[in-house]
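Please read the structure below before turning to the comments.
The values are calculated or read from the model by the stated rules, or taken from the named source; none is laboratory data. For clarity, every value in this text was computed on a predicted model and none was experimentally measured. As a convention, Cβ positions derive from the backbone with ideal geometry for all residues, glycine included, and neighbour counts pool all protein chains shown. Only protein heavy atoms, including side chains, enter the accessible area calculation; ligands, DNA and RNA are left aside. Shrake-Rupley method; radii C 1.70, N 1.55, O 1.52, S 1.80 Å.
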Amino acid sequence: MKILLFILLSLNVYAVDILTSYRNNGTADIEKQMDLELSNEEYWKTQVKDKDLDFGYIESFENILTCDKAQSSLNLYSLDENKSFKFRKKYSAYTGKMKGDKVKEGDLRTPTGIYQITQKLSKETKLDPFYGPFAFVTSYPNVYDSYKGKNGSGIWIHGLPSEDRDEFTRGCIAINNSSIECLNKNIDISKTLLVINDTEVKQNVLKEDLVTILAQLYAWRYAWLYDDIKSYLSFYASNFVRFDGMDIEKFKSYKTRVFQKNEKKTILFNEINILPYPNSLNTYEITFQEHYKSDSFEFNGDKTLIIELDKNKKIKILTEK
């Protein structure tokens, strides 16, 4: 409490009003004001000021792998001592036999999108020698893939068999065995993100857009936290579909019932990542660790939002999980 009061007093402009509110009402009103301030773009401008935003706003990853399908390359970028993503390695890569984005099982295409690496396979895990010494399993299909009706599975980054092979894959990303061994030494899979595009992966993301998204993410949280159902639902697109198939009308009815409980809630977001989605105009993937607790429900885990920025720079949630 002493630290909180010190911070408030240092704000000067708000100090008298905040102290009066605290004197009359305790900390509840102060917490509400702080929650509102997190939706202020001026706050987020200070947070991104010295941050490397080449690939987006990234809090929880140390390595970015980018795959350019047109150039048949896999590139590794890693955080340096200045917390900037620097180019480290370029690996020649084989990708799917057919061009374009993966849509269905067996179409021989490598997907376009943003993926996490969920598992490492090796001879110790009885990996088939066809895939070389290591294989990294990706999270395809992700939340956005499912929203768009894509299917299939088994998209890996892997090595090569010892015998001759075709210069393409059935949809995976394949690099030679010395490269996959090098990659294995240089990444922690839990801290590595994979971005696949038909061409070069976009860099130099607009700071202004990221500030807008971060502020509105917390405006969405504020509406959720304080049961403002009208404002909360305004963040959802008319074509929203939740990961489990719930459409926007059913979602509205469900959330209205939940908000009517008027429960006191704790909602915290940590490890936030915001990246522009490849080949999708004004579309972004937001991931974070959500800590939610109310009288009737508790959740601690991964959260994913796919959002669009509309012409008025308002975020619209297309899908979530």
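Quick notes
- Each label point was placed 7 Å from the Cα along the Cα-to-Cβ direction; for LYS230 and LYS32 their separation is 1.7 nm.
- The largest accessible area among ASP50, ASP209 belongs to the first residue in ASP50, ASP209, and the rest follow in falling order (1.4 Å probe, all chains).
- Amide H contacts of ALA93 (H built 1.01 Å from N, in plane; Pro and chain starts excluded): SER73, LEU74 sit under 5 Å, all sequence-distant by 5 or more or on other chains.
- Largest accessible area first, the residues VAL48, VAL241 order themselves as VAL241, VAL48 under a 1.4 Å probe with ligands, DNA and RNA left out.
- Annotation: extensible slack from LYS185 through LEU19 equals 54.4 nm (criterion: 0.36 nm per residue apart, minus Cα-Cα distance).
- About its Cα centre, the range 97-248 has a charge dipole of approximately 80 debye under the convention of +1 per Lys or Arg Cβ and -1 per Asp or Glu Cβ, with nothing else charged.
- Average accessible surface area per residue within the chain, 1.4 Å rolling probe, Å²: 53 Å²
- For LYS51, net neighbour charge (Lys/Arg +1, Asp/Glu -1) across residues whose Cβ lies under 13 Å away: 0
- Share of carbon and sulfur in the accessible heavy-atom surface of the chain [1.4 Å probe, %]: 48 percent
- Degrees separating the helix 248-259 axis from the principal Cα axis of the chain, which is the longest one: 40 degrees
- Degrees, to the nearest 10: 177-186 long Cα axis against longest axis of the chain: 20 degrees
- With at most 15 other Cβ atoms within 10 Å, longest stretch of the chain clear of loop GluC sites (Glu not before Pro) (DSSP): 201-262
- Taking Cα atoms only, the orientation of helix 207-225 departs from the longest principal axis of the chain by about 60 degrees.
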